[in-house]
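A.B. asks: One structure is given below, represented as structure tokens, and several questions about it will come after.
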């Protein structure tokens, strides 16, 4: 039982990539894991980490970092440290909702398109290609206005960003699943299921789905960083979430623009650093996994490692 559990654990996406990595690639992967883990823990324990609420105001406006407010306060009297910590929770919700909706729609459409083919496949491929013509940020702005009706509430702002991101990400998941479905449809185990009379739904759900979705964790990590940037851009342009509903890094950066010219640096540095570090961590994690999934790059690193071991011997 212990051996089986260890084998299952070693096959997990991030763990498997960590075992295969060496040298600089391992350092990048470890850095990405550490930063991403810090972001997730901050989002999960924001109520315990933040000393104040995200909408709690104080009479001290634009005060510099002190013992009472370690990262200072904003022009509205909000604690910068608490707003930055709570902002991680908002970003996490947008990433989860956007990617979950993208995977759900993309996987189903990819399975149907790749398995049945014909006119259904042609229509879905054309629609998928057409969606790439829409700029992500422009679509996000339009969706934000349509969904929230000008009211920047918590769930209105979150769903505005999440749904707009979903529409753009669906073609990526669709193409990956479609390509894998077409390949797996010709495999002997699928043909055997067809011969014994299994229904199309059963074949797609039990035989193709599990084998076609192995690369989804990789796409998820690459898209998560773009989702955070889109949410921050919406807030920076004034289509984000009001501070009384939730903390959002892009909105705080927008409000900090006038402070920068007056030498008040702390209102913009910390939310901006949170965006940069979170996106950096997710990008390092995703790019490292992408490189390790390439047999040519992985083989080259292993060859270099074996050569170094021979030299040392």
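A.B. asks: Quick check on my filter: what residues within the stretch 49-77 are within 28 Å of the chain's Cα centre (by Cα) and surrounded by 14 or more Cβ atoms within 10 Å (Cβ to Cβ)? I'd like the intermediate steps shown before the answer.
C.D. replies: Initially, the stretch 49-77 is screened for residues within 28 Å of the chain's Cα centre (by Cα), giving 49-55, 71.
Within the stretch 49-77, 49, 50, 52, 53, 54, 55, 71 qualify.
A.B. asks: Tell me, yes or no, whether the stretch 100-110 has at least one residue that is more than 27 Å from residue 44 (Cα to Cα) and part of a loop (DSSP other than H, G, I, E, B). First the steps, then the outcome.
C.D. replies: Start the filter on the stretch 100-110 by keeping residues that are more than 27 Å from residue 44 (Cα to Cα), which leaves 106-110.
From what's left, part of a loop (DSSP other than H, G, I, E, B): none.
Scanning the stretch 100-110, I find no residue that is more than 27 Å from residue 44 (Cα to Cα) and part of a loop (DSSP other than H, G, I, E, B), so the answer is no.
A.B. asks: Same structure, new question: Of the residues 286, 281, which is buried (at least 20 other Cβ atoms within 10 Å of the Cβ), in contact with a helix residue (DSSP H, G or I) (Cβ under 7 Å, 6 or more places away or on another chain) and at pLDDT below 90? So that I can check it myself, show each step before the final result.
C.D. replies: Working: 281 fails: at pLDDT below 90.
Just one listed residue meets the conditions, 286.
A.B. asks: If you go through the stretch 84-94 one residue at a time, do you hit one that is in a helix (DSSP H, G or I) and under 20 Å from residue 171 (Cβ atoms)? I'd like the intermediate steps shown before the answer.
C.D. replies: Residues of the stretch 84-94 in a helix (DSSP H, G or I): 84-94.
Remaining after also requiring under 20 Å from residue 171 (Cβ atoms): 94.
Among the residues of the stretch 84-94, at least one is in a helix (DSSP H, G or I) and under 20 Å from residue 171 (Cβ atoms), which makes the answer yes.
A.B. asks: Same structure again: Select from the stretch 249-278 the residues that are farther than 25 Å from residue 32 by Cα and out of contact with any helix residue (DSSP H, G or I) (no Cβ under 9 Å at 6 or more places or on another chain) and write down the one among them that is surrounded by the most Cβ atoms within 10 Å (Cβ to Cβ).
C.D. replies: Residue satisfying both the conditions and the ranking: 258.
A.B. asks: Got at least one residue in the stretch 239-251 being touching a residue at least 12 places away in the same chain (Cβ under 8 Å), touching a strand residue (DSSP E or B) at 6+ places or on another chain (Cβ under 7 Å) and not in a helix (DSSP H, G or I)? Lay out the reasoning, then the answer.
C.D. replies: Here is the first cut: in the stretch 239-251, the residues touching a residue at least 12 places away in the same chain (Cβ under 8 Å) are 239-251.
Filter once more, so that each one left must be touching a strand residue (DSSP E or B) at 6+ places or on another chain (Cβ under 7 Å): 243.
Still in the list and also not in a helix (DSSP H, G or I): 243.
Within the stretch 239-251, one or more residues are touching a residue at least 12 places away in the same chain (Cβ under 8 Å), touching a strand residue (DSSP E or B) at 6+ places or on another chain (Cβ under 7 Å) and not in a helix (DSSP H, G or I).
A.B. asks: Follow-up. Being within 17 Å of the chain's Cα centre (by Cα) and assigned to a loop (DSSP other than H, G, I, E, B) is the filter here, so list the residues in the stretch 216-238 that pass it.
C.D. replies: Across the stretch 216-238, there are no qualifying residues.
A.B. asks: Here's a follow-up. Could you figure out which of (1) surrounded by fewer than 15 Cβ atoms within 10 Å (Cβ to Cβ); (2) modelled with pLDDT of 85 or more; (3) farther than 20 Å from residue 221 by Cα isn't true of residue 46?
C.D. replies: Unmet for residue 46, out of (1) surrounded by fewer than 15 Cβ atoms within 10 Å (Cβ to Cβ); (2) modelled with pLDDT of 85 or more; (3) farther than 20 Å from residue 221 by Cα: (1).
A.B. asks: On to the next question. Tell me whether the stretch 189-203 contains one or more residues that are surrounded by fewer than 18 Cβ atoms within 10 Å (Cβ to Cβ) and in contact (Cβ under 8 Å) with a residue 24 or more places away in the chain.
C.D. replies: Yes.
A.B. asks: Turning to a different aspect of this structure: Where residues in the stretch 117-152 are surrounded by fewer than 17 Cβ atoms within 10 Å (Cβ to Cβ) and assigned to a loop (DSSP other than H, G, I, E, B), which of them is farthest from the chain's Cα centre (by Cα)?
C.D. replies: 117
Here is a yes/no grid of residues against (1) closer than 23 Å to residue 138 by Cα; (2) touching a strand residue (DSSP E or B) at 6+ places or on another chain (Cβ under 6 Å); (3) at pLDDT 85 or above; (4) outside any helix (DSSP H, G or I):
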{"residue": "177", "(1), (2), (3), (4)": "no, no, yes, no"}
{"residue": "180", "(1), (2), (3), (4)": "no, no, yes, no"}
{"residue": "204", "(1), (2), (3), (4)": "no, no, no, no"}
{"residue": "208", "(1), (2), (3), (4)": "no, no, no, no"}
{"residue": "214", "(1), (2), (3), (4)": "no, no, no, yes"}
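The values are calculated or read from the model by the stated rules, or taken from the named source; none is laboratory data. Here the structure is a predicted model, which means the values were calculated and not measured. No Cβ is skipped: glycine too gets one built from the backbone with ideal geometry, and neighbour counts run over all protein chains shown.
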